[in-house]
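Structure first, then comments.
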Amino acid sequence: MKRALAAALALMLTLALGGCNQVAQEETWEHPTVVIEMETGDVIRLELFYEYAPNTVANFVYLAQKGFYDGLTFHRVIAGYWIQGGDPLGDNTGGPGYRIEGEFAANGFPQNRIAFTRGVIALARKVSDYNSGGSQFFIMHSDDPDLYGQYAAFGRVMDQESLETVDKIAATQVDTSDKPLTEWRIRRVTVDDKGHEYIPMIIQEKQDEKEEDNENE
């Protein structure tokens, strides 16, 4: 039977005050894994690290299991930097109708020590608001240490085939807004949750609030 993680997330957020090692000792659950299958047949396999960003992982798994990402595109691509998806509007402003707190050092969450290396996945947010992430995510095309502690990284690509898919998407020609001229659409996102139910803690969004670019300041 699946075990709800809402209480566990609260516990892990509390344990974060004691450092990453304490959390790793207390929690022994297997990492959830994700497969992003593209309409082209290409795939991106991801391993998610709940011990570093528990609520960010819960949010991504929750949305994926609802089918939120199915049919969406990678709407913003910067070769040598990242590929970005998860926007239901496709114009860099869409989201799930809520936001979550940013789990990274600059926002008072030192537990997240995932380096921004090639293949890492992170939650996009407004440059001006640490707690504005929702559904949009980006996957690193190359290393960028300047993002460390500024965004909530929460997993990484698992294999070479997946990295090759990231490379294919990153090689796509884009317009002046970094929107691909050739569409990369997600067919489906499937999750192996290892027998756990993931329920994120959310901040309800006002009607006039939207997600914006996750550009570096």
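Across segment 142-191, the number of residues qualifying as within 24 Å of Asp129 (Cα to Cα) and touching a Lys or Arg at 6+ places or on another chain (Cβ under 7 Å) comes to 4. Residues in segment 108-137 that are assigned to a strand (DSSP E or B) and touching a Leu at 6+ places or on another chain (Cβ under 8 Å): Ile121, Ala122, Gly133, Phe137. The number of residues in segment 138-164 being touching a Phe, Trp or Tyr at 6+ places or on another chain (Cβ under 9 Å), over 27 Å from Gly97 (Cα atoms) and not in a loop (DSSP other than H, G, I, E, B) comes to 2. Of everything in segment 54-83, what is charged (D, E, K, R) and touching a residue at least 12 places away in the same chain (Cβ under 8 Å)? Give them in sequence order. Across segment 54-83, the qualifying residues are Asp70, Arg76. The conditions of being of a type in the set (Asp, Glu), crowded, with 16+ Cβ neighbours inside 10 Å and in contact with a helix residue (DSSP H, G or I) (Cβ under 8 Å, 6 or more places away or on another chain) are not met by Asp87. In segment 114-133, the residues that are in contact (Cβ under 8 Å) with a residue 60 or more places away in the chain and more than 8 Å from Gly102 (Cβ to Cβ) reach residues that are assigned to a loop (DSSP other than H, G, I, E, B) and of a type in the set (S, T, N, Q) with C-beta atoms within less than 6 angstrom, at least six apart or across chains, in these pairs: Ala124/Gln136; Ala124/Asn214; Lys126/Ser132. Among the residues making up segment 127-147, those that are surrounded by fewer than 19 Cβ atoms within 10 Å (Cβ to Cβ) and not acidic (Asp, Glu) are Val127, Ser128, Asn131, Ser142, Pro145.
The set of residues in segment 168-200 that are part of a loop (DSSP other than H, G, I, E, B) and within 17 Å of the chain's Cα centre (by Cα) comprises Asp193, Tyr198, Ile199, Pro200.
Candidates in segment 108-126 are the residues that are over 17 Å from Ile83 (Cβ atoms) and touching an Asp or Glu at 6+ places or on another chain (Cβ under 7 Å); of these, the one that is surrounded by the most Cβ atoms within 10 Å (Cβ to Cβ) is Asn112.
Throughout, read-outs are computed from the coordinates displayed, never taken from laboratory work. Treat the numbers as computed from the prediction; the structure is a model and nothing was measured. Neighbour counts are summed over all protein chains in view; Cβ atoms, including those assigned to glycine, are modelled from backbone coordinates with ideal geometry.
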